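See below for the structure under consideration.
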Amino acid sequence: MKPSQKILITIALMLTATTAMAHPGHAEGGFLSGLLHPLMGLDHLLAMAAIGFWSIRQSTVMKRGTPLFVIGGMLLGAVLAFSGLGLPFAEMGITLSVLVAGILIATLAKLPAVVGATLVGAFMICHGFAHGAEMPAGATLAAYMAGFSIATLGITLAGSGLGALLMKADNRITRGIGAALAVTGAVLAS
């Protein structure tokens with residue numbers, strides 16, 4: 001299969017997720033519920049993939065550290081939710097993560113590692129908060145967190161893989177993907 005065909009198939013699969021369900025009603029249980037949660041909302045799926053995609057053009061610290069920043073932010077956000085603390089801007093932060101990541105990709109922006117890590121962490125705290133707040137009743141906390149951590153890591157690494165594949169391609173493709181993500185984020189925000 002040609003690289004361009006792989007890219008188109010990957011993009012098509014990423015866009016087949018449903019819109020954000022904010023997110024009750026996933027399969028009951030711990031691990032499976034956690035595993036499915038990031039996959040069931042377009043905003044979560046696109047943000048995590050876009051952050052991985054964007055990180056490939058960043059410094060070595062960001063390329064290697066982004067999966068850790070993503071998981072760390074997710075777990076911190078989930079702990080905030082499990083603790084009963086409020087995060088009133090969480091849904092807006094989730095939506096903005098798609099918009100901002102799209103803009104960063106479209107502009108081929110390179111950020112200092114501290115700024116990039118902070119931005120990724122802040123967005124993922126919002127995502128993690130949503131995951132934690134919507135843990136199904138009766139789910140085992142550790143299993144649920146393991147499930148959404150694995151799914152989140154997989155989505156982020158898939159985005160990184162696509163970004164790495166496109167590093168060799170024309171920048172117009174990358175810019176187009178970023179623009180499409182930014183428009184999607186703007187639509188989700190409205």
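The values are calculated or read from the model by the stated rules, or taken from the named source; none is laboratory data. Everything quoted here is computed from the prediction, not taken from an experiment. Cβ placement follows ideal geometry from the backbone for every residue including glycine, while neighbour counts extend to all protein chains displayed. Side chains included, ligands, DNA and RNA excluded: accessible areas come from the protein's heavy atoms. Shrake-Rupley method; radii C 1.70, N 1.55, O 1.52, S 1.80 Å.
The figures follow:
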item: Residue in the stretch 157-178 that is under 16 Å from Ser97 (Cβ atoms), out of contact with any Lys or Arg (no Cβ under 9 Å at 6 or more places or on another chain) and open to solvent by 20 Å² or more (accessible area, probe 1.4 Å) present; result: yes
item: Residue in the stretch 171-186 that is free of Cβ contacts under 8 Å to residues at least 40 places away in the same chain, outside any loop (DSSP other than H, G, I, E, B) and charged (D, E, K, R) present; result: yes
item: Selection from the stretch 57-81 of residues that are more than 30 Å from Arg172 (Cβ to Cβ) and open to solvent by 30 Å² or more (accessible area, probe 1.4 Å); result: Leu68, Ile71, Gly72, Leu75, Leu76, Val79, Leu80
item: Check on Met145, under 15 Å from the mean Cα position of the chain (by Cα), among the aliphatic types (A, V, I, L, M) and open to solvent by 10 Å² or more (accessible area, probe 1.4 Å); result: no
item: Qualifying residue in the stretch 27-50 (condition: part of a helix (DSSP H, G or I), open to solvent by 10 Å² or more (accessible area, probe 1.4 Å) and either within 20 Å of Lys168 (Cα to Cα) or touching a Ser or Thr at 6+ places or on another chain (Cβ under 7 Å) (or both)); result: yes
item: Among the residues listed as Gly84, Gly154, Gly138, Gly93, the single one being surrounded by fewer than 22 Cβ atoms within 10 Å (Cβ to Cβ), part of a loop (DSSP other than H, G, I, E, B) and without any contact (Cβ under 8 Å) to a residue 40 or more places away in the chain; result: Gly84
item: Within the stretch 96-112, tally of residues that are part of a helix (DSSP H, G or I) and either hydroxyl-bearing (Ser, Thr, Tyr) or at pLDDT below 90 (or both); result: 1
